[in-house]
Amino acid sequence: MASAPSPRHSTSLALGVPPRVRFCPSPTGNPHVGLVRTALFNWAFARHHQGTLVFRIEDTDAARDSEESYNQLLDAMRWLGFDWDEGPEVGGPHAPYRQSQRMDIYQDVAAKLLDAGHAYHCYCSQEELDTRREAARAAGKPSGYDGHCRDLTAEQVEEYKAQGRTPIVRFRMPDETITFTDLVRGELTFTPENVPDYGIVRANGAPLYTLVNPVDDALMEITHVLRGEDLLSSTPRQIALYKALIDLGIAQQVPAFGHLPYVMGEGNKKLSKRDPQSSLNLYRERGFLPEGLLNYLSLLGWSLSADQDIFSIDEMVAAFDIGDVNPNPARFDLKKCESINADHIRLLDVKDFTERCAPWLKAPFAPWAPEDFDESKWEAIAPHAQTRLKVLSEITENVDFLFLAEPVEDEASWTKAMKEGSDALLATAREKLESADWTSPESLKEAVLAAGEAHGLKLGKAQAPVRVAVTGRTVGLPLFESLEILGKEKTLARIDTALAKLSA
Ligand code: GLU
Ligand code: ZN
């Protein structure tokens with residue numbers, strides 16, 4: 001690769017026809033955030049330009065693909081709110097959209113490529129390839145495939161067959177420099193010695209990603225390939241294959257390519273699929289909102305404007321331009337992701353918020369018995385929770401004091417809040433609370449304030465033991481609203497229990 005990345009540049013695509021883009025994951029393992037970012041940029045691009053999003057499943061690797069992972073992919077797309085115009089479950093003119101169901105197509109194309117001389121049989125054994133690669137390396141030469149089987153004679157082929165060798169199919173790269181203008185990176189050039197002939201069909205007849213991906217892009221009339229930078233090295237090969245497909249009348253035009261920047265994780269290392277931080281399921285389980293997560297992921301390589309971090313998916317779609325994507329690696333910052341999610345939680349209407357919390361208010365997350373859940377208490381406390389959560393799963397421990405018979409026992413909180421004199425303070429607070437007006441949090445605050453004054457304590461210090469006595473924890477939702485919603489009887493009983501524990 002000879003040329004340096006171009007600086008950030010804006011391409012206003014002259015799109016004569018609506019674009020056709022694709023999202024084509026392989027169903028291996030759990031969906032990860034890198035994959036979601038790729039889906040998002042393709043989806044936003046398609047929607048911005050009123051184009052078509054093709055969702056294709058690249059499941060030609062039977063050893064690694066699984067039905068479970070396929071189902072997770074579909075579920076993830078639905079959860080994220082992405083729709084697709086062609087693909088699994090919706091069908092389309094190029095069905096089927098699962099590559100495992102298209103094997104005869106690839107066989108047919110491979111045969112045509114062989115017939116036309118764009119590909120050839122390679123009989124080299126792995127051992128031979130390795131030996132020659134090592135020798136080339138030692139001699140300081142390019143170490144890719146050396147073209148050994150490019151022009152075998154009929155006798156050589158017979159000889160190999162007689163030895164019982166089964167060939168792979170190898171694509172014949174043209175001896176020419178390949179240049180293309182990446183939508184994100186600008187002009188890129190690859191010289192032939194860096195792009196050797198490559199395998200497209202295994203010896204057992206199984207077609208490889210290198211073949212099926214561009215073949216389907218051609219057949220499905222994809223105009224723009226937007227994908228991760230990790231696939232950049234396969235692009236010159238695919239462009240050459242595309243040209244061969246055009247020659248065969250299978251493809252019409254080479255698509256435009258745009259390679260999205262790497263996502264870096266901890267320690268400035270590439271965020272890997274195996275990194276727990278990259279698993280989409282983790283974000284779902286922790287209660288990220290899809291809109292919060294997508295807002296954050298859109299910032300991995302793109303921005304709406306210098307002074308607006310929080311925006312809706314519709315705002316993103318309206319503004320999205322692939323030419324604005326920054327080629328430099330993007331850093332995944334969990335704190336920032338949480339903070340953006342928190343902002344999206346604030347933006348929900350309160351009814352929506354209460355509904356979205358529902359999974360965390362029952363088993364297996366909720367520690368209380370289902371019959372102890374009180375809908376009216378929940379509705380009363382929800383608005384106070386909505387302004388404080390970063391992720392929805394935090395709701396459980398913030399409201400458990402309302403539905404558990406006794407507050408949780410958190411020893412660290414107890415030790416922190418219960419100091420010498422806390423018993424006296426609690427006793428006074430109990431007395432004042434007993435005669436307070438329980439229809440107003442203000443009145444409850446006055447009561448605790450007065451108790452604090454009686455013992456020479458400011459409000460903050462005075463309320464800590466009350467909070468721990470009633471909720472079990474030193475941090476939580478606004479205290480006086482919490483007390484009001486819990487109710488007088490339970491509040492006083494819990495203070496009594498704490499007093500008993502302190503005197504024991
Ligand atoms: N199935 C490939 C992958 O998941 C798709 C790559 C591409 O977008 O070309 O890596
Ligand atoms: Zn060979």
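Yes or no, residue by residue, for (1) among the hydroxyl-bearing types (S, T, Y); (2) touching a His at 6+ places or on another chain (Cβ under 8 Å):
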site	(1), (2)
K141	no, no
G147	no, no
E155	no, no
Y160	yes, no
F190	no, no
V195	no, no
N213	no, no
L232	no, yes
I239	no, no
Meets criteria (among the hydroxyl-bearing types (S, T, Y), modelled with pLDDT of 95 or more and in a loop (DSSP other than H, G, I, E, B)) for T497: no
Answer yes if at least one residue in the range 145-155 is under 23 Å from L241 (Cβ atoms), more than 12 Å from ligand 2 (Cβ to nearest atom) and part of a loop (DSSP other than H, G, I, E, B), and no otherwise. no
In the set G164, G117, G140, the lone residue that is part of a loop (DSSP other than H, G, I, E, B), touching a residue at least 24 places away in the same chain (Cβ under 8 Å) and away from ligand 2 (no atom under 12 Å from the Cβ) is G117
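Could we say that E431 is without any contact (Cβ under 8 Å) to a residue 24 or more places away in the chain, surrounded by fewer than 22 Cβ atoms within 10 Å (Cβ to Cβ) and farther than 18 Å from K377 by Cα here? Steps first, please.
Values: without any contact (Cβ under 8 Å) to a residue 24 or more places away in the chain: yes; surrounded by fewer than 22 Cβ atoms within 10 Å (Cβ to Cβ): yes; farther than 18 Å from K377 by Cα: yes.
Here the answer is yes, as E431 does meet what is asked.
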If we keep just the residues of the range 353-401 that are part of a loop (DSSP other than H, G, I, E, B) and touching a Lys or Arg at 6+ places or on another chain (Cβ under 7 Å), which is surrounded by the fewest Cβ atoms within 10 Å (Cβ to Cβ)? T387
Counting only residues that are closer than 18 Å to G472 by Cβ and either β-branched (V, I, T) or modelled with pLDDT under 95 (or both), the range 367-406 contains a total of 4
Just a yes or no: is a residue in the range 167-181 assigned to a helix (DSSP H, G or I), hydroxyl-bearing (S, T, Y) and either without any contact (Cβ under 8 Å) to a residue 60 or more places away in the chain or more than 23 Å from R56 (Cα to Cα) (or both)? no
For the structure I just gave you, tell me whether L80 is closer than 30 Å to T166 by Cβ, away from ligand 1 (no atom under 16 Å from the Cβ), in contact (Cβ under 8 Å) with a residue 40 or more places away in the chain and crowded, with 20+ Cβ neighbours inside 10 Å. no
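So that you can scan it fast, the table gives a plain yes or no per residue for (1) acidic (D, E); (2) assigned to a helix (DSSP H, G or I); (3) more than 19 Å from the chain's Cα centre (by Cα); (4) modelled with pLDDT under 95:
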| residue | (1), (2), (3), (4) |
| --- | --- |
| Y296 | no, yes, no, no |
| F311 | no, no, no, no |
| V317 | no, yes, no, no |
| A342 | no, yes, no, no |
| K351 | no, yes, yes, no |
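Would it be correct to say that E221 is over 28 Å from P19 (Cβ atoms) and either away from ligand 2 (no atom under 16 Å from the Cβ) or within 27 Å of the chain's Cα centre (by Cα) (or both)?
Taking the combined requirement at face value, the residue does not satisfy it.
A quick yes/no check of all residues on (1) part of a helix (DSSP H, G or I); (2) crowded, with 21+ Cβ neighbours inside 10 Å; (3) of a type in the set (G, A, S):
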position	(1), (2), (3)
I200	no, yes, no
V212	yes, yes, no
D217	yes, yes, no
E221	no, no, no
L231	yes, no, no
R237	yes, no, no
L245	yes, yes, no
A251	no, yes, yes
F257	no, yes, no
Would you call G292 modelled with pLDDT under 95 and not β-branched (V, I, T)? no
Return a yes/no flag: does the range 102-113 have any residue that is buried (at least 20 other Cβ atoms within 10 Å of the Cβ) and aromatic (F, W, Y). yes
From G249, G205, which residue is free of Cβ contacts under 8 Å to residues at least 12 places away in the same chain and either more than 16 Å from ligand 2 (Cβ to nearest atom) or closer than 30 Å to S278 by Cα (or both)? G249
Please specify each residue of the range 33-62 satisfying the condition of being touching a helix residue (DSSP H, G or I) at 6+ places or on another chain (Cβ under 7 Å) and at pLDDT below 95. none
Just for the range 46-64: of the residues that are surrounded by fewer than 23 Cβ atoms within 10 Å (Cβ to Cβ) and under 19 Å from the mean Cα position of the chain (by Cα), which one is nearest to ligand 2 (Cβ to nearest atom)? E58
Just checking, does the range 336-343 include any residue being under 24 Å from E481 (Cα atoms) and in contact with a helix residue (DSSP H, G or I) (Cβ under 9 Å, 6 or more places away or on another chain)? yes
Matching residues, the range 364-376, being under 27 Å from the mean Cα position of the chain (by Cα) and under 15 Å from V399 (Cβ atoms): F365, A366
Quick count over the range 422-457, residues being assigned to a loop (DSSP other than H, G, I, E, B) and either out of contact with any Leu (no Cβ under 9 Å at 6 or more places or on another chain) or at pLDDT below 95 (or both), is 4
For the range 434-468, name all the residues that are more than 22 Å from W378 (Cβ to Cβ) and among the small types (G, A, S). S435, A436, S443, A447, A450, A451, G452, A454, G456, G460, A462, A464
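The values are calculated or read from the model by the stated rules, or taken from the named source; none is laboratory data. Computed from a predicted model, the values in this text were never measured in an experiment. No Cβ is skipped: glycine too gets one built from the backbone with ideal geometry, and neighbour counts run over all protein chains shown.
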